[in-house]
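Working notes, beginning with the structure itself.
The values are calculated or read from the model by the stated rules, or taken from the named source; none is laboratory data. On a predicted model such as this, the values are computed, not experimentally measured, just so you know. Cβ placement follows ideal geometry from the backbone for every residue including glycine, while neighbour counts extend to all protein chains displayed. When the accessible area is computed, the model is the full protein with side chains, heavy atoms only, and any ligands, DNA or RNA have been set aside. Shrake-Rupley method; radii C 1.70, N 1.55, O 1.52, S 1.80 Å.
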Amino acid sequence: WAEGCLSCHETGRIMQREELSVYIPPGADKGNKLKVNDKGSSGLNGAIDGDLYLILTPEELPQGFRRNGSDVELTQAVSAALLSRGGVLPIKTLRGSLNIKVPPNFQSGKKLLIPEQGFPIWSDPEKIGKLTVCLRAIRSS
């Protein structure tokens, strides 16, 4: 660091951009923070560099899905006849399509729980949250 340095304006620091690749653990949710060591602002007068903190904002979920931690909720419109007689209902999940079994005399507004169809759990990515499907009868006119 030299007096009269035009590159650093005598601060001993030069601003530059750097492209980083950062591993995002499974199950990342809005507001989770990641720390990247030594990638923050440069230290003054030869001090060590600071750390960079990333605050995560995941992509929006498809319409109809809502996230609750590692669990996902979905409200699905179904016919009153299906709720009454029961049967198989095809639904879309975040991982693809599933056929779920609706028991006979299922009440509108009740929920079915489908394990391992949510997000990985942030603190334990080997475990996966559940999908809660709320079945609502379509009103006929």
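For region 125-141, taking the residues that are within 17 Å of VAL78 (Cα to Cα) and exposed (fewer than 11 other Cβ atoms within 10 Å of the Cβ), the one that is farthest from the chain's Cα centre (by Cα) is identified as SER141.
Looking across region 57-68, just one residue is open to solvent by less than 70 Å² (accessible area, probe 1.4 Å) and either in contact (Cβ under 8 Å) with a residue 40 or more places away in the chain or of a type in the set (Lys, Arg) (or both), and that is ARG67. Here GLY69 fulfils each of the conditions (1) over 13 Å from the mean Cα position of the chain (by Cα); (2) at positive phi; (3) not aromatic (Phe, Trp, Tyr) apart from (1).
With respect to the conditions (1) in a loop (DSSP other than H, G, I, E, B); (2) of a type outside the set (A, V, I, L, M, F, W, C); (3) farther than 25 Å from ALA137 by Cα, ASN105 falls short on a single one, namely (3).
For (1) more than 29 Å from ASP29 (Cβ to Cβ); (2) open to solvent by less than 60 Å² (accessible area, probe 1.4 Å), each residue gets a yes or a no:
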residue: GLY50; (1), (2): no, yes
residue: ILE55; (1), (2): no, no
residue: LEU74; (1), (2): no, yes
residue: LEU82; (1), (2): yes, yes
residue: ARG85; (1), (2): yes, no
residue: GLN107; (1), (2): yes, no
residue: GLU116; (1), (2): no, no
residue: PRO120; (1), (2): no, yes
residue: SER123; (1), (2): no, no
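Scanning region 87-96 for residues that are open to solvent by 60 Å² or more (accessible area, probe 1.4 Å) and at pLDDT below 95, we see that the one that is farthest from PRO25 (Cα to Cα) is LYS92. For LYS92, the requirement of being part of a strand (DSSP E or B) and either acidic (Asp, Glu) or within 28 Å of the chain's Cα centre (by Cα) (or both) is met. The residues of region 47-82 that are closer than 30 Å to ARG139 by Cβ and part of a loop (DSSP other than H, G, I, E, B), listed by number, are GLU60, LEU61, PRO62, GLN63, GLY64, SER79. Test GLY118 against the criterion of being in contact with a Ser or Thr (Cβ under 8 Å, 6 or more places away or on another chain) and assigned to a loop (DSSP other than H, G, I, E, B), and give yes or no. Yes, satisfied.
Looking at the structure I just gave you, is SER108 out of contact with any Leu (no Cβ under 7 Å at 6 or more places or on another chain) and among the hydroxyl-bearing types (Ser, Thr, Tyr)? So SER108 does not fit the description; no.
When ASP29 is tested against (1) at pLDDT 90 or above; (2) open to solvent by less than 50 Å² (accessible area, probe 1.4 Å), just one condition goes unmet, and that condition is (1). Whenever a residue of region 98-124 is of a type in the set (Lys, Arg), its partners that are at pLDDT 95 or above and loosely packed, with under 11 Cβ neighbours inside 10 Å, lying with C-beta atoms within less than 7 angstrom and at least six residues away or across chains, give the pairs LYS101/VAL88.
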